[in-house]
Amino acid sequence: MNHSADTNTPENTPKKYEAIIFDLDGTLYDTANVDVLLRQLKQVKRMSPEYHQIWREIDKSIDGYKDYDGIAEVLQFVREKNVKAVLVTGAVKRRTNKLKRFNLPLMGIVSRFDVGHKKPHPAPMFRALEILGVDASKVLSIGNQVIDLLSSRGAGIDFALASWGVREHEREQLEAESNYVLHDPKEIIQMIAE
């Protein structure tokens, strides 16, 4: 784990957080296949046969989401320790509704449809803070894109880069501007106050 200079403590250990905000795509789950399908969806006429076929493929892909190595251990830790956690995602309701079957240890899921804005706007993060009931200074947001960073910063929340899912064209900026750069999902456990 790397930290930027402004967040290092004298002991060079990361700050401990009481609550976590997770991003979905590229952070908890490898959803690159869904990203390709969503791009295809934008290319076809809404409600056409092709549109419905692509949505069927997206639905099948969601059922087969693959979590990154180490994420299962993190989510188990969150569940066992009753860590306050919320998912903030740009995913459409159709996708977030399907997440309920995964029984994730979350207090809630916030999408752009819940607040009328999508990331990088801070509104989804402010809604997550309301759900968590924790001051922003005690919350860590974990994501893999610049929009995650900007949304978190706009709400006054520290940000950790999930480098395992980062888009290469954003890597340099994210590594420079994130409070923390995580190389392994299990590093999240070290950052949670018990």
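The values are calculated or read from the model by the stated rules, or taken from the named source; none is laboratory data. Predicted, not measured: the structure shown is a model, and the values here were computed from it. Neighbour counts are summed over all protein chains in view; Cβ atoms, including those assigned to glycine, are modelled from backbone coordinates with ideal geometry. The area values use the complete protein model at the heavy-atom level, side chains included, leaving out ligands, DNA and RNA. Shrake-Rupley method; radii C 1.70, N 1.55, O 1.52, S 1.80 Å.
Below are the figures for this structure:
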{"item": "Nonlocal amide H pairs with T31, under 5 Å, H built at 1.01 Å", "result": "G26"}
{"item": "Ranked by how many other beta carbons lie within 10 Å on average, peptides 122-132, 139-149 from highest", "result": "139-149, 122-132"}
{"item": "3J(HN,Hα) from dihedral phi, segment 109-116, Karplus parametrisation 6.51/-1.76/1.60, rounded to Hz, x for glycine, proline", "result": "10, 10, 10, 4, 6, 7, 10, x"}
{"item": "Residue of E170, E50, E73 that the Gaussian network model of the chain assigns the largest fluctuation, springs spanning Cα pairs under 10 Å", "result": "E50"}
{"item": "DSSP bridge orientation in the chain - percent antiparallel, rounded to nearest 5", "result": "15"}
{"item": "Dipole in debye (nearest 20) - the chain, about Cα centre, beta carbon charges: Lys, Arg +1; Asp, Glu -1", "result": "1120"}
{"item": "With every protein chain in place, the chain: carbon and sulfur % of accessible area (1.4 Å)", "result": "49"}
{"item": "Charge tally in the Cβ shell below 10 Å around S151, where Lys, Arg are +1 and Asp, Glu are -1, S151 excluded", "result": "+1"}
{"item": "Long-range amide H partners of G108 with built H, under 5 Å", "result": "L87"}
{"item": "Set of lysines near K84 by C-alpha distance (under 28 Å), chain-local residues within fewer than 8 positions excluded", "result": "K15, K16, K66, K93, K98, K100, K118, K119, K138, K186"}
{"item": "Amide H within-cut-off set for Y17, under 5 Å, with H built and near neighbours excluded", "result": "I192, A193"}
{"item": "Mean separation of Cα contacts under 8 Å (6+ apart) over length of the chain, as relative contact order %", "result": "30"}
